[in-house]
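What follows is a single structure, written as structure tokens, with notes after it.
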Amino acid sequence: MGAGHPSTPADRSVTGIWPLIGRTEELRLINAAVTGANGYGGIVIAGSAGVGKSRLAQESIHLIRSGRWVSRWVRATASARALPLGAFAEWTGDIAGAPMLVVRNVISHLTAAAPGTKVVIGVDDAHLLDDLSAFVVLQLVQRRLAKVVVTIRTGEPCPDAVNALWKERYLQRLELQPLSLVETETLLREVLGGSVESELAARMWKLTRGNVLYLRHVLERELTDGRIRERSGLWRWAGHPVVSETLAELIEQQIGRLPAPIGDVVDVVSLSEPLETTTLCRVTDREAAEEAEKRGLIVISDSEGTLSARLAHPLYGEVRRARWGPLRLQRLSGEIAVALTATPEVDSRDTVRRAALWLNSDLVANPDLYSRAAAAAMTLSDFPLAERLANESIAAGAGIELIMIRAHALAVLNRAEEAEEVLAAAPSTPALPNADLSRLVTLRAIILLFPLGRPQESANVVTTALHDLEPSKLQNLAPIRCLHLAMSAQPGPAITTMASVDRTILPGLPAMMATWGLIIALGDCGRVAEAVRIAEAGYKLAAHAPEVTYQTIALAEFHVVTLLLAGYVHEAMGAAERTFRECSDLHGRMHSMSTAIMGMAVLGTGRAARATKYLREGLADEYEESDSTGYWYRYSLVLIHALALSGNGPAATEVLQAATSRRHPSFTFVESERLLAAAWVAAAEGAISTAIDTARQAADFAAQHDQFQREVVCLDTATRFGDPTTAERLQVLADWVEGPRATAAARHASALATRDPVGLSDASDRFEEMGDLLAAMDAAAHAATVYRRRGCNGSALTATARAQRLAEACGGADTPALREAQQPSPLTGRQREVITLAAQGLSNKQIAEKMTLSVRTVEGHLHRAAQRTGVSGRGDLGAIITGDQPPPDRGHELE
């Protein structure tokens with residue numbers, strides 16, 4: 001993510017021929033039909049306009065021509081249909097003769113070919129052929145004079161001779177379907193030349209329904225206008241699409257000129273689909289609705305006896321709405337809203353839909369509906385609408401409940417300063433009901449803590465409220481105090497704060513804050529079972545308390561982190577996958593966070609490259625320059641780790657620099673994680689001593705703050721870098737914390753300290769069983785190195801093979817342990833480190849500064865390494881480590 005700059009619209013052109021994606025099976029069928037493998041004389045490709053019939057036909061003929069074939073291409077048009085044989089004008093010659101003689105002449109010209117050569121003829125848009133041209137095509141097929149590939153538009157009337165082509169089974173018929181979502185994403189990647197955010201692909205598919213022609217027009221316009229652009233290797237789509245005039249004209253041509261009543265039907269459905277037909281017919285003419293369905297403009301579906309209408313294609317609505325003025329939008333919205341009052345509200349989505357229509361209409365304001373819908377919109381993560389509805393309600397005199405909803409929505413929408421102003425001006429005296437006052441203070445403290453990044457001011461707000469409240473009200477503010485302590489890396493006091501609080505009677509928001517704080521604190525301390533029980537209770541709370549439904553995503557993050565720290569990797573993946581599924585249909589922050597959580601869980605399995613994809617996508621909305629919530633900072637640490645493990649050291653360094661400069665003041669509890677990210681970057685650069693020292697610093701920070709589970713991870717990382725001094729402390733921690741990671745890490749450290757290859761192999765098995773393939777790989781690599789140094793070459797090869805198998809299962813990995821195991825060498829670890837840095841172009845002085853050595857010591861390491869390996873020159877020594885050829889322009893000096 002780093003400091004990459006977005007591309008400009010001019011950086012990418014989508015003109016020219018696009019690749020043919022998702023049509024492998026269709027090409028096989030066409031080839032079989034044309035070559036006679038299935039007994040047909042060719043094929044009819046049917047499909048809707050823009051689905052790709054013509055391109056598929058042309059590509060199939062091009063592939064067939066690679067043999068002894070000659071091709072012809074005929075394109076029927078509406079204008080040529082007015083002339084007999086208009087489509088074959090190129091081959092008619094003199095048309096003054098008898099029609100049959102002219103037909104014979106056309107056929108003769110079309111089928112003329114060298115001896116031994118076959119003819120294949122493509123006829124595009126055959127539904128537009130005049131009758132005589134259609135007769136020519138039928139003659140070609142019936143008399144087997146040529147193979148034919150015909151395209152027709154589904155739903156359009158065809159000449160009888162064209163219908164006979166497949167009805168009489170002369171030609172096979174293929175119904176060409178639009179591209180699937182997966183195929184659409186693949187096509188976008190190919191056209192844009194880079195990775196595509198899954199939400200971009202999903203939105204594009206939802207809008208175009210896989211119609212390639214529509215997709216092309218939409219993509220061209222969005223690129224030109226800069227709403228689709230690339231940043232840090234990922235193409236994203238921000239904002240609402242604008243339909244180009246060319247695409248609008250194309251769609252209007254396809255749907256035809258609509259009488260006003262039918263246009264009203266399409267417009268009403270576009271504003272509120274799916275719309276029950278009873279409501280539709282209250283607002284529009286029933287006969288017009290029937291005609292709209294007959295024309296394929298709307299689709300009627302039956303769900304448990306209830307008929308509902310949807311647009312046949314989303315772009316029909318986009319094109320129609322682009323032609324409206326504001327008065328038409330207001331009038332239609334109001335008519336639908338009034339019609340909906342005749343039916344009861346079914347659920348929160350129904351409430352939100354009615355309120356949105358009313359809000360956009362010319363009707364008198366409806367504060368009661370707005371108030372109910374604002375809360376429902378928050379539950380559905382529609383924060384812009386929630387803010388608008390709450391603001392309208394407040395203007396009409398609504399109280400503290402709507403003030404909090406508006407402030408919460410503003411904070412989520414990156415308008416935290418406005419949110420703080422709203423809450424600071426709200427009534428906050430002890431006269432407020434206990435539940436309302438505690439929620440108000442809690443929400444204000446959260447906004448100060450996260451999006452505003454002012455943890456001390458957040459704590460002061462709570463402290464002031466605690467002084468002003470009577471004792472009976474104090475426990476409702478304990479949860480936010482607990483969260484403050486947990487996030488400031490004070491897990492013990494955080495847990496103590498909630499010890500005497502009955503969480504079951506807390507209001508929704510304070511109860512969720514208690515859940516967050518306790519999961520963080522208990523997880524850091526190593527009390528995993530308690531943390532998991534509280535997480536499960538938190539999910540139940542969110543299911544029954546609409547005001548905290550949105551907060552479930554952070555709950556899921558803390559839950560997954562706790563499981564990963566303890567070594568419950570499979571369980572962490574399960575929790576992450578569940579969250580990802582639940583947020584798959586959402587947009588914005590919820591979708592981004594669920595994607596980042598998936599990346600974190602995938603990294604926990606060791607699959608760094610796959611994790612990087614999720615993390616880059618999850619962070620795409622949260623660039624470091626505008627990050628205030630701490631979300632980018634928090635997940636950038638995970639991304640750094642993934643990039644370093646993938647062997648992408650430069651990218652990891654870039655993100656680390658950005659993260660260091662953008663450290664969020666409220667996220668002290670992940671400080672050890674930041675240090676570990678720096679350690680992995682050092683390891684990726686080959687600076688192993690620095691990596692070990694930094695990992696030990698991370699462990700010291702965790703130990704000083706009683707974050708024992710995090711200390712385990714830090715010490716285990718140092719072990720994996722080759723530090724043999726971690727065993728004693730890890731053994732102590734294994735007795736203190738829960739989960740399989742601590743015992744596996746202690747086993748690894750002990751075996752490394754005693755050079756016990758059997759113990760190292762056992763540790764590898766333990767890590768693999770718990771799901772951390774990368775840690776298992778490092779332990780196996782250490783075993784291979786120990787075996788090799790003992791001269792046990794067979795066992796060394798076996799352990800190396802295991803490490804390589806695990807690396808492949810991870811999708812490729814780059815760690816110090818694996819590098820050492822894969823390159824048997826007479827060099828010491830320190831010599832390898834010096835050579836690695838020298839191979840990167842560092843001078844002896846720079847190496848000495850980086851490793852805190854004297855220049856003379858560095859020179860000594862290089863000379864002894866040259867003596868042991870029998871090579872001379874820095875380039876040759878570097879090649880031993882990297883496996884690359886030494887650069888020809890490098891000198892042979894060791895200085």
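Annotations for the structure displayed:
- Farthest toward the positive end of the dipole of the chain, out of ILE446, ALA566, VAL268, is the Cα of ALA566, where the dipole comes from beta carbon charges about the Cα centre.
- Loop-located trypsin sites (Lys or Arg not before Pro) in segment 42-151 (DSSP state not H, G, I, E or B) with no more than 13 neighbouring Cβ atoms inside 10 Å: ARG65, ARG68, ARG143, ARG144.
- Projected-area mean, segment 181-242, by convex hull of Cα positions, square nanometres: 3.6 nm²
- Neighbour-limited loop hits for trypsin sites (Lys or Arg not before Pro), segment 175-282 (at most 10 other Cβ within 10 Å; DSSP other than H, G, I, E, B): ARG257
- Coarse-grained scattering of segment 24-175 at q = 0.09, 0.16 Å⁻¹, given as base-10 log I(q)/I(0) from a Debye sum over alpha-carbon atoms: -0.25, -0.81
- Distance between segment 331-398 and segment 22-96 - C-alpha centres, whole angstrom: 53 Å
- Greater than 25 Å apart at Cα, pairs in LYS206/LYS613; LYS147/LYS167; LYS206/LYS294; LYS53/LYS167: none
- Over the residues of the chain, the helix contribution to mean residue ellipticity at 222 nm works out to -19500 deg cm²/dmol, using -39500 (n - 2.57) for each DSSP H run of at least 4.
- Degrees between helix 773-789 axis and first principal axis of the chain (Cα, 0 to 90, nearest 10): 60 degrees
- DSSP beta bridges in the chain [antiparallel fraction, %, rounded to 5]: 35 percent
- Along segment 736-752 the Karplus relation, 6.51 cos²θ - 1.76 cosθ + 1.60 evaluated at θ = phi - 60°, assigns HN-Hα couplings of 9, 10, 9, x, x, 5, 4, 5, 5, 5, 5, 5, 4, 5, 5, 5, 5 Hz to successive residues, with x for each Gly and Pro.
- Amide H contacts of VAL119 (H built 1.01 Å from N, under 5 Å, at least 5 apart or other chain): VAL70, LYS147
- Sorted peptide list for 475-481, 27-33, criterion being average Cβ within 10 angstrom, highest first: 475-481, 27-33
- This model, with +1 at the C-beta of Lys and Arg and -1 at the C-beta of Asp and Glu, gives segment 24-175 a dipole about its Cα centre of some 500 debye.
- Net dipole in debye of the chain [+1 Lys, Arg Cβ; -1 Asp, Glu Cβ; about Cα centre; nearest 20]: 2520 debye
- Coil-residue GluC sites (Glu not before Pro) of segment 231-318, DSSP, other Cβ within 10 Å capped at 10: GLU304
- Within straight-line reach of LYS845, meaning a Cα separation under 14 Å, sit the following aspartates and glutamates at least 8 residues removed in sequence or on another chain: GLU859, GLU895.
- Percent of alpha-carbon pairs separated by more than 19 Å within segment 722-822: 36 percent
- Rounded to 10°, Cα long-axis angle of helix 708-720 versus longest principal axis of the chain: 80 degrees
- Annotation: amide H-H contacts under 5 Å for ILE298 (H modelled 1.01 Å from N, sequence separation of 5 or more, or interchain): GLU293, ALA312.
- Separation of segment 472-503 and segment 174-212, taken as the distance between their Cα centroids, equals 48 angstrom.
- Residue among ASN391, LEU56, LEU171 farthest towards the positive dipole end of the chain, charges placed on Cβ: LEU171
- Nearest-ten-degree value, helix 478-487 long axis tilted from longest Cα axis of the chain: 80 degrees
- Amide H within-cut-off set for VAL44, under 5 Å, with H built and near neighbours excluded: VAL150, GLN172, ARG173, LEU174
- Within straight-line reach of LYS118, meaning a Cα separation under 18 Å, sit the following aspartates and glutamates at least 8 residues removed in sequence or on another chain: GLU59.
Read the figures in this text as sums done on the coordinates, not as results from a lab. Everything numeric in this text was worked out from a predicted model, so none of it was measured. Positions of Cβ are generated from backbone atoms using ideal geometry, with glycine treated the same way; all protein chains shown enter the neighbour counts.
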